[in-house]
Amino acid sequence: MEFVDRYQKAYEVKIITFCGGEVFALPYFPHLLNTLNKRGIFTQTITNGTLDKLSELEKPNFNTLIVSIDGLEQYHDANRGHGNFKKSVSFIKKAQSLGFHTELFSIVTKQNLQTIPLFENFVKDELRNIEITYHPRKPPAYLAHHPISNIEGEVAGFDYLNRDELVQIMKTKNVFPPKDLGCYQVALASTGIVYGCCEGYRAIGNMSDKIEDLFAALEARIGGPCKGCSQVEFMCGIKDIINKK
């Protein structure tokens with residue numbers, strides 16, 4: 001909140017996005033959202049929808065809930081645990097009844113790529129046809145070459161999309177990262193380090209730095225072939241695809 005206070009003195013804060021890990025596992029998180037909402041700041045939260053804290057949130061119309069559902073029930077539960085598909089769907093329906101804006105965030109692999117039309121029919125019929133953002137599972141090149149993780153780890157059975165499949169879904173669907181990149185974010189990590197995007201690895205500063213200095217560092221980075229990216233040498237790990245598509 002101290003960081004938000006200083007930010008507001010320098011620039012207008014319109015929206016704050018929270019992602020994790022599962023942020024609703026933090027006991028103070030609903031109070032944090034309420035505090036921000038009372039200041040007139042809209043919040044959006046990426047959640048798996050298995051921890052129902054909706055009754056603790058005081059301003060539904062100031063919140064967007066982006067719920068992770070990775071396709072139809074059998075596939076989703078294989079990824080995230082038996083019974084979690086039903087929990088997440090129930091969470092969305094309850095949130096909608098309470099006046100929250102809801103969206104979906106869906107990881108795509110070879111296993112669920114072909115069932116996207118069936119998944120979209122389910123969303124249309126059961127969840128008011130809410131917006132879906134597809135997130136192709138990070139390619140091995142991302143895991144191997146990300147300057148911080150710099151590891152592949154376990155990749156067997158992950159069924160990454162090939163280049164043509166990645167290009168096709170980026171051309172035809174709403175995806176993350178966005179087609180034109182240019183996130184223009186000040187991304188504060190739980191470590192207190194500030195990056196120029198949520199996939200950041202080159203810090204633009206720390207949360208104790210002057211807000212104006214953080215913006216100057218971000219603006220100095222913006223470039224690339226698209227709308228603008230703060231890490232043109234990496235571009236969320238899909239630089240080659242963006243440059244050649």
task: Find all pairs meeting these conditions: Cβ atoms under 9 angstrom apart; at least six residues apart or on different chains; first residue within the stretch 28-43 and acidic (Asp, Glu); second residue modelled with pLDDT of 95 or more.
output: none
query: Looking at (1) buried (at least 19 other Cβ atoms within 10 Å of the Cβ); (2) more than 27 Å from LYS124 (Cβ to Cβ), which is the one condition that is false for GLY20?
result: (1)
message: I need every pair where a residue in the stretch 106-126 that is free of Cβ contacts under 8 Å to residues at least 40 places away in the same chain has its Cβ under 9 Å from the Cβ of a residue that is of a type in the set (Lys, Arg) and not in a strand (DSSP E or B), sequence separation at least 6 or different chains.
response: ILE107/ARG137; GLU126/LYS93
- line: Filter the stretch 44-67 for residues that are out of contact with any His (no Cβ under 9 Å at 6 or more places or on another chain), more than 13 Å from SER106 (Cβ to Cβ) and polar (S, T, N, Q); the one that is surrounded by the most Cβ atoms within 10 Å (Cβ to Cβ) is THR47
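For (1) of a type in the set (D, E, K, R); (2) surrounded by 13 or more Cβ atoms within 10 Å (Cβ to Cβ), each residue gets a yes or a no:
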site	(1), (2)
VAL186	no, yes
SER190	no, no
ILE193	no, yes
GLY196	no, yes
TYR201	no, yes
MET207	no, yes
GLU212	yes, no
statement: Those residues of the stretch 187-223 which are at pLDDT below 90, more than 17 Å from CYS236 (Cβ to Cβ) and in contact with a helix residue (DSSP H, G or I) (Cβ under 7 Å, 6 or more places away or on another chain) amount to none
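Return the residues of the stretch 2-35 that are under 20 Å from ILE211 (Cβ atoms) and hydroxyl-bearing (Ser, Thr, Tyr); say none if nothing qualifies.
Answer for the stretch 2-35, where residues must be under 20 Å from ILE211 (Cβ atoms) and hydroxyl-bearing (Ser, Thr, Tyr): TYR7, TYR11, THR17, THR35.
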query: Just a yes or no: is a residue in the stretch 124-140 at pLDDT 90 or above, in contact with a helix residue (DSSP H, G or I) (Cβ under 6 Å, 6 or more places away or on another chain), within 17 Å of GLU73 (Cα to Cα) and part of a helix (DSSP H, G or I)?
result: no
message: For the stretch 97-115, give me each residue that is of a type in the set (S, T, N, Q) and under 14 Å from LEU72 (Cα atoms).
response: SER106, THR109, GLN111, ASN112, GLN114, THR115
task: Determine whether SER97 is small (Gly, Ala, Ser), surrounded by fewer than 20 Cβ atoms within 10 Å (Cβ to Cβ) and under 20 Å from TYR28 (Cα atoms).
output: no
query: If GLU58 satisfies every condition in (1) under 26 Å from ARG128 (Cβ atoms); (2) at pLDDT below 95 but one, which is the exception?
result: (2)
- prompt: Residues that are within 28 Å of ILE15 (Cα to Cα) and of a type in the set (S, T, N, Q): which helices (runs of 4 or more DSSP H) entirely in the stretch 32-119 hold 1 or more of them?
  reply: 84-98
query: Of everything in the stretch 68-90 that's under 15 Å from ILE130 (Cβ atoms) and polar (S, T, N, Q), which residue is surrounded by the most Cβ atoms within 10 Å (Cβ to Cβ)?
result: SER88
query: In this structure, does TYR184 turn out to be among the hydroxyl-bearing types (Ser, Thr, Tyr), at pLDDT below 85 and touching a strand residue (DSSP E or B) at 6+ places or on another chain (Cβ under 8 Å)?
result: no
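Test ILE41 against the criterion of being buried (at least 20 other Cβ atoms within 10 Å of the Cβ) and modelled with pLDDT of 95 or more, and give yes or no.
Considered against the rule, which asks whether it is buried (at least 20 other Cβ atoms within 10 Å of the Cβ) and modelled with pLDDT of 95 or more, ILE41 comes out as no.
The values are calculated or read from the model by the stated rules, or taken from the named source; none is laboratory data. Keep in mind that this is a model prediction, so the values were computed, not measured. Positions of Cβ are backbone-derived with ideal geometry, glycine not excepted, and every protein chain shown enters the neighbour counts.
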